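Take a look at the structure set out below.
Taken together, the values in this text are just the output of simple stated rules run on the coordinates, not laboratory data. Small disclaimer: the values here were computed from a predicted structure and weren't measured. Using ideal geometry, Cβ is built from the backbone for each residue, glycine included, and neighbour counts are taken over all protein chains shown.
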Amino acid sequence: MDVLNEGECPISGAPSISNSGGGQCYPQHFLHYSHSLKTIEKIVLDCKTDNKTVIFAGEDELGLYIQIGLIGFDTYKAREAQTQHKIVYGRRWRIEPFLPTSELVQTLFLAVKKAREHEVREMLKLRVEGKYSAPFSSHQDSFLIVSMAEALTSNGRVANFTQFRKALVDVANNMLFDHALLRVVNVERRLNKQIIVDMMMKPTAHSELPETQPGPLTLMLSEMSVNHFLFSLMDAFIAKSDRYVANTFQYKNVKRFSEELSIKAIAKLSIATRRLHEKGDETFKCNLTAHNLNIDQRRAPEVNSMTMSQKVKSQLEGFQPLTGIYPTLMQK
């Protein structure tokens, strides 16, 4: 039997499956978990990505957490004036002691993607009134935007295709992404009214991201809207960042989330592990059911205010009858 990670214990009677190395191992959903800072640190040490991404495990008064640090330059200061790298930190992702190791690895992967997305959003700069701004930054003031929503709302639609094409060229000429120049080279309208926008990206000596490479970038738009174009462009840069993370993030030296792994083969493996239920005896099946129920009960939230309880109750009542574990609500 393959050695389990510390903090993992098979449910009584759990069947195992053969791995490609000729050993036997338990599927993750047949295990009990009792994570500590030590066990989370071990999993973090088994993960790696690029050398500008630092993965931390920690524990504070609220419990266990993982956190991502990114090394780079300050996106809000002129690059020419910076000679030293800076480390910035993403949010702390809370980790339940009973979280399966596979879900912890997925959380680490997601945390890297989101920390990187935070920085990517700050790298798209739009020149307005002679000044560059980062309108997609996560630091925009939500309360202020809501209070001025009517004045800020605009779909940016352009009725004339010729005018729209000119508007795209103009806005692209006033943008930078990761210090790279962006240029619209072709705009075409298809018979189904979709619009193809071909752009070219020209990095500079100050471009930092590995995926900021010289070459084409193509967008597919569903409407003649400059606003829609800008959102689609931001989505494209986030998708590039996500693919980069998927191709660099490793768990135990395997690129767990990259396209190198066959989805069909993973589907086949998933079916094989699910079939193990049939091999287990009735005692194991009862133990597994009780284990899953216990996890669901521990994850169900407890609502400690009457106002929130009434809101949640009203929302849930629209889906009666509703299965699953109900949250604990305050009663009148």
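Structure above, values below:
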{"read-out": "Exposed-site-free run, longest, the chain (rule: chymotrypsin sites (Phe, Trp or Tyr not before Pro); DSSP loop; at most 14 other C-beta within 10 Å)", "value": "77-318"}
{"read-out": "Anchor K313: lysines whose Cα lies under 18 Å away (excluding residues fewer than 8 positions away in-chain)", "value": "K332"}
{"read-out": "Equivalent ellipsoid semi-axes - Cα gyration tensor, region 226-272, angstrom", "value": "30, 14, 6"}
{"read-out": "Fluctuation leader among M123, M148, M200 - the chain, Gaussian network, Cα springs under 10 angstrom", "value": "M148"}
{"read-out": "C25, C47 arranged by Cβ crowding within 10 Å, fewest neighbours leading", "value": "C25, C47"}
{"read-out": "Interchain or long-range residues, amide H under 5 Å from M201's placed H", "value": "G215, L217"}
{"read-out": "Whole-angstrom gap from region 89-163 to region 1-74, using each part's C-alpha centre", "value": "29"}
{"read-out": "Cross-link table K52/K240; K48/K202; K114/K255, entries beyond 22 Å C-alpha to C-alpha", "value": "K48/K202"}
{"read-out": "Estimated D of region 66-165 in µm² per second, where Rh is the Kirkwood radius over Cα pairs and Stokes-Einstein applies at 4 °C, 1.567 mPa s", "value": "75"}
{"read-out": "Estimated FRET transfer efficiency (Q213, L37; beta-carbon r; R0 35 Å; 0.05)", "value": "0.35"}
{"read-out": "Region 126-138 - phi-based ³J(HN,Hα) in whole Hz, Karplus 6.51/-1.76/1.60, Gly and Pro as x", "value": "10, 8, 10, 6, x, 10, 8, 10, 10, x, 8, 4, 6"}
{"read-out": "Surface/4 estimate of mean projected area, convex hull on alpha-carbon atoms of region 162-302, nm²", "value": "15.4"}
{"read-out": "Mean Kyte hydropathy of -0.5 or more with a Cα span along the axis of at least 18 Å, helices from DSSP in the chain", "value": "101-123, 226-248"}
{"read-out": "Amide H contacts under 5 Å for S36, placed H, 5+ residues apart", "value": "none"}
{"read-out": "Kirkwood Rh (inverse of mean 1/r, distinct Cα pairs), the chain, angstrom", "value": "24.1"}
{"read-out": "Proxy reagent accessibility, fewest Cβ within 10 Å first, across L37, L176", "value": "L37, L176"}
{"read-out": "Region 282-332 - Rg and Dmax from Cα coordinates, angstrom", "value": "14.2, 44"}
{"read-out": "Residues S133, S207 arranged by fewest to most Cβ contacts within 10 Å", "value": "S133, S207"}
{"read-out": "Inter-label distance for E317 and S258, nm, one decimal - labels placed 7 Å from Cα along Cα-to-Cβ", "value": "5.4"}
{"read-out": "Gain on full stretching of the segment that runs from F143 to N19 - 0.36 nm per residue minus C-alpha separation", "value": "39.4 nm"}
{"read-out": "Orientation-averaged projected area, Cα convex hull of region 1-131 (nm²)", "value": "11.5"}
{"read-out": "Among H228, H118, H35: highest mean-square fluctuation, GNM of the chain, C-alpha pairs under 10 Å", "value": "H228"}
{"read-out": "S232 paired with A78, simple spin-label distance in nm, labels 7 Å along Cα-to-beta-carbon", "value": "3.5"}
{"read-out": "Net length gained if the chain between A159 and E302 were fully extended (0.36 nm per residue, minus Cα distance)", "value": "46.3 nm"}
{"read-out": "Measure of compaction for region 228-329 (Cα Rg per 2.2 N^0.38 Å)", "value": "1.68"}
{"read-out": "For region 114-203: Kirkwood Rh in Å [reciprocal of mean 1/r, alpha carbons]", "value": "15.2"}
